[in-house]
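Everything below concerns the one structure shown next.
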């Protein structure tokens, strides 16, 4: 499948998710100029420690690379609707069309 | 602490009291002494809680002492101190090192072990638990040992 084909499919999926309320409008910022984008945020939890366990977030975000071509570690993403802000911690998936990152809210 | 409580429980309470003195106002790096508990606890690292998560003291495993010169009744006990703190990408390791320094410092101090028949309580090791990606907290776990005479 060509890059253009894959990007087109993902863009349509993202648009559908936005209409369904399952994706969000957001602003990506890595210190250059902020970029308006659409994101899918997936929330989970994870546990650290044996005694005195701490339950923390495990949250990831999907960017369309047509909107944010090269997301960078330590950049921020802010959900427009509620101002929720995250820092990009580590990339765990990327192809020609999308880039998926683990977020940190520390 | 009631003197009728088991020695091992009294030991947990002495360690708890010792750790409660770890406050930045008293010359420590951190304020992990703010909340020190001896019962199991699971805490969320979300925004609604303070920066310093509860410190947990567990007195874990007891066994007959292996020291041939010791009193035949003497037993040894292992204790675990788990301390967590909210952290981000830029300060997680620094905070972990500060917690270790504070725990080592306070556990080096004299504590009222003698009245509860505990001898030679000492910290053996501290470990920074690997932080899972995305986790906005860092946890340190320290282990120690003490000898005691059962009541």
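Each value in this text was obtained by applying a stated rule to the coordinates, not by laboratory testing. This one's a predicted model, so the numbers in the text were calculated from it and none came from an experiment. Here the Cβ is made from the backbone with ideal geometry for all residues, glycine too, and neighbour counts use every protein chain on show.
Fewest Cβ neighbours within 10 Å first, please rank A:87, B:143 accordingly. Walk me through the intermediate numbers first.
Numbers: A:87 20, B:143 16.
Fewest-to-most Cβ neighbours within 10 Å comes out as B:143, A:87.
How far apart, in nm, are two points set 7 Å out from the Cα along the Cα-to-Cβ line at residue B:9 and at residue A:43?
Reported label-point gap for residue B:9 and residue A:43 is 4.0 nm.
Taking Cα pairs under 8 Å and at least six residues apart, what relative contact order does the range A:3-104 come out at, in percent? Provide the component values of the computation, followed by the final result.
On the way: 203 pairs, mean separation 27.2, N = 102.
Result for the range A:3-104 is 27 percent.
Report, as an integer, the average count of C-beta atoms from other chains found within 10 Å of each Cβ along A:99-105. Walk me through the numbers before you get to the answer.
On the way: counts 0, 0, 2, 4, 3, 10, 8.
Other-chain Cβ atoms within 10 Å of each residue's Cβ, averaged: 4.
Report, as an integer, the average count of C-beta atoms from other chains found within 10 Å of each Cβ along B:134-145.
Details: counts 19, 14, 11, 7, 5, 9, 1, 4, 0, 0, 0, 0.
The per-residue average across the peptide is 6.
Could you line up B:79, A:63 from fewest to most neighbouring Cβ atoms inside 10 Å? Numbers along the way, then the final one.
Numbers: B:79 23, A:63 26.
Placing the least packed residue first, the sequence is B:79, A:63.
Kindly express, to the nearest 10 degrees and within the range 0 to 90, the angle between helix B:92-108's C-alpha long axis and the longest C-alpha principal axis of chain B.
20 degrees
Put a dot 7 Å past each Cα toward the Cβ at residue A:82 and residue A:17; how far apart are the dots in nm?
With each label point 7 Å from Cα toward Cβ, the separation is 1.7 nm.
At a threshold of 8 angstrom on Cα-Cα distance, excluding pairs fewer than six apart, so keeping six or more, what relative contact order does the range B:7-148 reach in percent?
Details: 272 pairs, mean separation 36.9, N = 142.
Computed value for the range B:7-148: 26 percent relative contact order.
Given the options B:43, B:65, B:34, which has the most mean-square fluctuation in a GNM of chain B, springs set between C-alpha atoms less than 10 angstrom apart?
Residue with maximal mean-square fluctuation among B:43, B:65, B:34: B:43.
Do the sum for chain B: with -39,500 (n - 2.57) for every DSSP H run of n ≥ 4, divided by all residues, what is the mean residue ellipticity at 222 nm, to the nearest 500 deg cm²/dmol? Could the numbers behind the result be given before it?
Numbers: 2 runs with 30 residues, N = 151.
Mean residue ellipticity, 222 nm, calculated: -6500 deg cm²/dmol.
Using only the alpha-carbon atoms, how far is helix A:3-20 inclined from the longest principal axis of chain A? Give it as 0 to 90 degrees, nearest 10.
Tilt of helix A:3-20: around 60 degrees.
Please work out, to two decimal places, the log10 of the ratio I(q)/I(0) at q = 0.12, 0.25, 0.27, 0.28 Å⁻¹ from a Debye calculation in which every Cα of the range B:1-71 carries one identical scatterer.
The computed values of log10 I(q)/I(0) come out as -0.46, -1.12, -1.19, -1.23.
Could you let me know the centre-to-centre spacing of the range B:53-129 and the range A:41-106, using Cα atoms, in angstrom?
Spelled out, the Cα-based centre of one part sits 35 Å from the other.
Give me a single rounded figure for A:42-50: the average over its residues of other chain Cβ atoms within 10 Å of their Cβ.
On the way: counts 0, 0, 1, 5, 6, 4, 11, 13, 7.
Average per residue, whole number: 5.
Translational D (Stokes-Einstein, µm²/s) of the range B:7-148 at 4 °C and 1.567 mPa s when Rh comes from the Kirkwood sum over C-alpha pairs? Intermediate values should be presented prior to the final figure.
Details: Rh = 15.7 Å.
My calculation gives 82 µm²/s for D.
Hey, what angle do you get for helix B:7-19 against the long axis of chain B, alpha-carbon based, 0 to 90 degrees rounded to 10?
40 degrees
Mind listing the Cα extents of the range A:3-104 along all three principal axes, in Å, largest one first?
50, 29, 27
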